[in-house]
Structures are given as C-alpha cells and as structure tokens.
Amino acid sequence: MLIVRDVMRAGPLTLEPEESLRAAVDVLIASGSGGAPVVSGDQLVGVVSLSDILAFEAEVPELAMYGGDGAGGATPEDGGYLPEDTDTDAAWHTDNWELDGFRFPSFVQAEWEALEEHSVAEVMTRTVISVPPGMPIREAAEIMDRAGVHRLVVTEHGALVGVLSARDIVHALARGEIVPAPEFGRRD
C-alpha cells in the first residue's frame, strides 16, 4: 500500500509571514508551485496559495476599479473610475495611459505596488491541515477531497517534513503507482 511518504515532496518550499506578496508570487511561479507552507523560524504558522493572493487582490476595491493609490493613480474623485457607459470606455483608458513609450495604465502599477506593500501573513490560511507521512495515500486524498484543498502539509512529531499536493497524487496515478479503487470516479 502506497503511503504519503512515497508520494510527497520532502523538504518543501516554504515562505515566511513577513515576505511581501510580490516576493511570494515570484517564488511560487518560479518553482511551479501553487502554494506553500508558511513558517516562522521552525514553526509552521499557515499555508498560502496563489488563489489566496488572487482573492486578496480581488477584494481590494480601489485596485480593481480605479487604482486609487495616492501616487497619481486614477480615483473616483478625479473622474478616473471605469465608466459603465461603453462610449466613454476608450476615453477613460486614454486618460489613464502614459503615452511616452509603452507603459501600463496607472491602475496596473497600483496593483503591483499593493503586492509589495502587503505580506503573506495577511492572506495566508492559518488553519493548516496536516497528515503524517505514514498515512495511506487514499486516506490523504479523501481528506483533500472533503476539505476542498489542493495540498496537505506533512508533519512528523510536529515538524514539517513535506507537502502532498493533488498534483503529486495525479503523477503517482499516471505512473501506475496508485491503482484506483473499483468505485473510483463515482459520486454518491
């Protein structure tokens, strides 16, 4: 029987709570990972994913609508909001675009700066679902399914030893290391 230790990634990538969201995005993208455990010293304090960061960005209304960054970004007070009237959409973009060379509109710059100004601790999930390395893969997969998560932190005697992701399980299945149960795929 295949266990978590056989499939997990040992010595996983970790992030620190003080890191900027920009740094976290860069690290996650460079590693090809969708998320990572967050550690402070040797203590596991949370988990953060690209989805958490994207949800944070979507909840910051001044970034999503008009930039409102206080550094020249468009604001509703100066008429820089994105109008619903389609005849004026082009004018809004033209007014908010810097034309001396190819540059992004000011609201994109504000969004970028927001990632620099906010930390991993602000968006991470503090409730960590962990499993032991000796747990059968099927049980770990069932936990992921019930919890609606894409990765589990693997701990042994309270110490972080690895990460098990849905991708790791799929790779093991594709290599023939996991044999699906006869009821695989059925949802009752």
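The values are calculated or read from the model by the stated rules, or taken from the named source; none is laboratory data. Source: prediction; values computed, not measured. Here Cβ is always computed from backbone atoms with ideal geometry, including for glycine, and neighbour counts include all displayed protein chains.
When you look at Ala24, is it surrounded by 12 or more Cβ atoms within 10 Å (Cβ to Cβ) and modelled with pLDDT of 50 or more, yes or no? Here the answer is yes, as Ala24 does meet what is asked. Residue pairs whose Cβ atoms lie under 8 Å apart, sitting 6 or more positions apart in sequence or on different chains, and linking a residue in region 21-45 that is farther than 22 Å from Met8 by Cα to a partner that is of a type in the set (Phe, Trp, Tyr) and part of a helix (DSSP H, G or I), are Leu21/Phe56; Arg22/Trp112.
If you go through region 42-79 and keep only what is among the small types (Gly, Ala, Ser) and modelled with pLDDT of 90 or more, you end up with Gly46, Ser49, Ser51, Ala55. Beta carbons closer than 7 Å, at least 6 apart along the sequence or on distinct chains, pair a first residue in region 3-18 that is farther than 12 Å from Thr155 by Cα with a second that is hydroxyl-bearing (Ser, Thr, Tyr) and assigned to a helix (DSSP H, G or I) for Leu13/Ser31. Sub-7 Å Cβ pairs linking a first residue in region 164-178 that is at negative phi to a second residue that is surrounded by fewer than 17 Cβ atoms within 10 Å (Cβ to Cβ) and assigned to a loop (DSSP other than H, G, I, E, B), at least 6 apart or interchain, are Ser165/His150; Ala166/His150; Ala172/Leu2; Glu177/Leu2; Ile178/Leu2, ordered by first then second residue.
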